[in-house]
Amino acid sequence: MKVLSIFGTRPEAIKMGPVVKAVEQTVGLTSLVCVTAQHREMLDQVLDVFDIVPDYDLDIMQAGQTLTGITTKAIEGLERVLVEASPDIVLVHGDTTTTFAGALAAFYQKIPVGHVEAGLRTFDKYQPFPEEMNRSLTGRLADFHFAPTETARQHLLNEGIADASIFVTGNTVIDALSATISDDYCFSLNTLNTIDYDRHKVISMTAHRRENLGKPLEEICEAVLEIVNTNKDVIVVYSVHLNPKVQEVAKRILGDHERIHLVPPLELKDMHNLLNRSYLVLTDSGGLQEEVPSMGKPVLVLRNVTERPEGVEAGTLKLVGTSKEKIIETTHLLLSDKSAYDKMATAVNPYGDGKASQRIAEHILNKA
Ligand code: UD1
Ligand code: UDP
């Protein structure tokens, strides 16, 4: 059985890397990979980590690309690939525009679709944008739904998806995590080796969401600047997304401060080990909300809603939104009040046992 995995951005690659490896190792399955390269450099970094050489590379990324541009280029390119490769099943992951385009292109060729990380919902059409709709539409197109948690399964059942087509697997990001973190890790980016993680409170940060571009991102950065200026023991490491709209704001507001490191997108092991040594994390990323709870670090989520409520329920994640005052106030509390910090710094992992990819490969072999 030929399994074609389609992905295009950094987070999809991180979470599909283990699935591609599991499919490769399953007797009876043949693995093919097509990348749209909606991301270029940030995707290639991850392909290197997992040692994946794509069979097809659409190379669609353009600076300042639009949603329409990504969608149309991906669908056109994928039609050619699907006709040539003629897979028995297509796998897509999550909620990006590549995900939706991959599922739609496969549907047009009447090829069954397996959706990895299915069933997450905020029930708000515009938050996260366009991911909530990408994920919902992909759910309508998919034949097999690999839900990371029981909550995600319930969302799908509530939408009328047949129980027999839903498999609760855990999240594949946990599969990747087990191989990356170690206590004696030496960073490949030397700046990160020069930081004294015991003497300073290191805040790691990422922010890139489309709905946060512009004013919300400016408020986030202004809050961070004030936090650093009023807490002499704080160091911030901000891994800045390559989107020019993110780069411009980050450099304008946070550039040239001795205790703020604006670093380029980090190699995955550097990122996971940095998170693991941090005091707390500020982020609007989806993936970080899944990874960091298992490291026992408080995460302040720079969003108004989340499709990942498990960490909020467990107490490790707190939704703070993007208002400058709220970010400053909540961060100050965690920097100054040990009991508030300890309450959040509890290691929980609601996302499975690290065997999600293996389960997905087995389900494909047995049910698809
Ligand atoms: C995309 C996904 C988002 C996901 C995020 C992960 C969509 C609509 N958005 O958002 O769901 O959370 O990836 O990071 O699918 N760029 C580079 N090099 C790269 C990657 C990006 O230069 O390797 C720049 C380009 O100018 C590009 C811009 O970033 O046009 C934005 O990339 P895009 O994929 O459109 O949006 P993201 O915000 O990355
Ligand atoms: N990540 C990384 N290097 C970085 C920033 C993030 O490897 O410099 C990893 C991070 O650990 C997580 C994933 O990228 O696994 C999250 O991707 P991103 O924030 O791009 O997208 P999102 O999760 O918001 O969809």
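Every read-out reported here was derived from the displayed coordinates using simple, explicitly stated rules and does not represent laboratory data. A quick note: this is a predicted structure, and the numbers were derived from the prediction, not measured. Every residue, glycine among them, receives a Cβ derived from its backbone with ideal geometry; neighbour counts consider all protein chains shown.
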Quick check on Glu313: is it in a helix (DSSP H, G or I), closer than 21 Å to Gly119 by Cα and either under 15 Å from the mean Cα position of the chain (by Cα) or not acidic (Asp, Glu) (or both)? no
Which numbered condition Val224 misses (of (1) surrounded by fewer than 21 Cβ atoms within 10 Å (Cβ to Cβ); (2) in contact with a Phe, Trp or Tyr (Cβ under 8 Å, 6 or more places away or on another chain)): (1)
Taking region 251-265, which residues are more than 22 Å from Asn193 (Cβ to Cβ) and of a type in the set (Val, Ile, Thr)? Ile253
Six or more apart or on different chains, Cβ under 6 Å: which pairs go from a residue in region 335-356 that's over 23 Å from Thr230 (Cα atoms) to one that's among the hydroxyl-bearing types (Ser, Thr, Tyr) and assigned to a loop (DSSP other than H, G, I, E, B)? Could you list them? Val348/Thr316; Gly354/Ser178; Ala356/Thr169
Scan region 323-344 and tell me whether some residue there is among the aliphatic types (A, V, I, L, M) and not in a helix (DSSP H, G or I). no
So, of the residues in region 76-90 that are of a type in the set (A, V, I, L, M, F, W, C), assigned to a helix (DSSP H, G or I) and within 13 Å of Leu32 (Cβ to Cβ), which turns out to be nearest to ligand 1 (Cβ to nearest atom)? Leu78
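For (1) in contact with a strand residue (DSSP E or B) (Cβ under 7 Å, 6 or more places away or on another chain); (2) assigned to a helix (DSSP H, G or I); (3) under 19 Å from Thr138 (Cβ atoms), each residue gets a yes or a no:
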{"position": "Ile6", "(1), (2), (3)": "yes, no, yes"}
{"position": "Cys34", "(1), (2), (3)": "yes, no, yes"}
{"position": "Gln38", "(1), (2), (3)": "no, no, yes"}
{"position": "Thr72", "(1), (2), (3)": "no, yes, yes"}
{"position": "Val92", "(1), (2), (3)": "yes, no, yes"}
Filter region 8-32 down to the residues that are in a strand (DSSP E or B) and touching a helix residue (DSSP H, G or I) at 6+ places or on another chain (Cβ under 7 Å) and list them by number. Ser31, Leu32
Mind checking whether some residue in region 280-294 is within 16 Å of ligand 1 (Cβ to nearest atom), out of contact with any Phe, Trp or Tyr (no Cβ under 7 Å at 6 or more places or on another chain) and of a type in the set (D, E, K, R)? yes
